[in-house]
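Worksheet for the structure shown next.
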Amino acid sequence: MKILLVEDDHMLAHEIAQALRNENFAVDVASNGEDGQHLGDTEPYDAAVLDLGLPKVPGVEVLRAWRKNGRQLPVLILTARDGWTDKVDGFKAGADDYLTKPFRVEELVMRLRAVVRRAAGHATPKITCRSLTLDVQTGLFEFNGLPLKLTALEWRVLECLIMRKETVVERGLLAEKVYEGDAGTDSNSLEVIIARLRRKIGKDAIETERGRGYKLSAIPG
């Protein structure tokens, strides 16, 4: 899962980004509204965490621009303002949820997971495909009822596939959602991760669609 964080408070941005990375998310950070709007318009993020009080372009204007441009990524807004009108403006602009500063980063992570799950069309916190289960609230995978030990990159790839189970995820899109910053990494790195995952959950669980990408299959081979 790849998150865009737009926050001008450098210490808070670092704290949030580190907390998300500790939960295996990939995170890109922008420190002003202009850069945040550009990234949100050009990169395939799973969600955005957007401060309202940003330099250059206010957060609510960034959100309005994204929605005007057809960007439907879930957005959780952050605000230091207690006024109800600021929250109303955020929801009218297209926000999915909000947190008022100060807040606990753990709550932000939980709310972020919830908006991503709902946006992906999953009504319940647990997503299952064959013997594999992802608890979206905790971020934990189980395989055959036991905890599945994964590296951060393995988790990101498997999370992306299970959220879109039975759908081919194009190779380029998968790379963009897994890696931070420029996704132009070693062309073999995804194949290595997929190979490791197959050893952990079964070689027929992840299908390769030649010339396209990969699919987590619900039907045993």
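The values are calculated or read from the model by the stated rules, or taken from the named source; none is laboratory data. These numbers come from a predicted model, not from an experiment. Heads up, the Cβs are rebuilt from the backbone with ideal geometry, glycines too, and the neighbour counts pull from every protein chain shown.
The table for this structure:
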{"item": "Subset of the range 136-168 (residues that are aliphatic (A, V, I, L, M) and either in a loop (DSSP other than H, G, I, E, B) or surrounded by fewer than 17 Cβ atoms within 10 Å (Cβ to Cβ) (or both))", "result": "VAL136, LEU140, LEU146, LEU148, LEU150, ALA152, VAL168"}
{"item": "Residue in the range 22-31 that is surrounded by fewer than 22 Cβ atoms within 10 Å (Cβ to Cβ) and over 30 Å from GLY139 (Cα atoms) present", "result": "no"}
{"item": "Counted residues, the range 118-150 - those being touching a residue at least 40 places away in the same chain (Cβ under 8 Å) and within 14 Å of PHE25 (Cα to Cα)", "result": "2"}
{"item": "Every residue from the range 65-121 that is within 20 Å of GLU43 (Cα to Cα) and of a type in the set (S, T, N, Q)", "result": "ASN69, GLN72"}
{"item": "Condition check for THR85: crowded, with 18+ Cβ neighbours inside 10 Å and either among the polar types (S, T, N, Q) or modelled with pLDDT under 85 (or both)", "result": "no"}
{"item": "Neighbours by Cβ (under 6 Å, 6+ apart or cross-chain): first from the range 166-192, more than 13 Å from GLU209 (Cβ to Cβ) and outside the structural domain of GLY40 (by TED's automatic domain parsing); second in a loop (DSSP other than H, G, I, E, B) and modelled with pLDDT of 85 or more", "result": "GLU176/PRO44"}
{"item": "Residues within the range 13-42 that are more than 25 Å from LYS92 (Cβ to Cβ) and in contact (Cβ under 8 Å) with a residue 12 or more places away in the chain, tallied", "result": "14"}
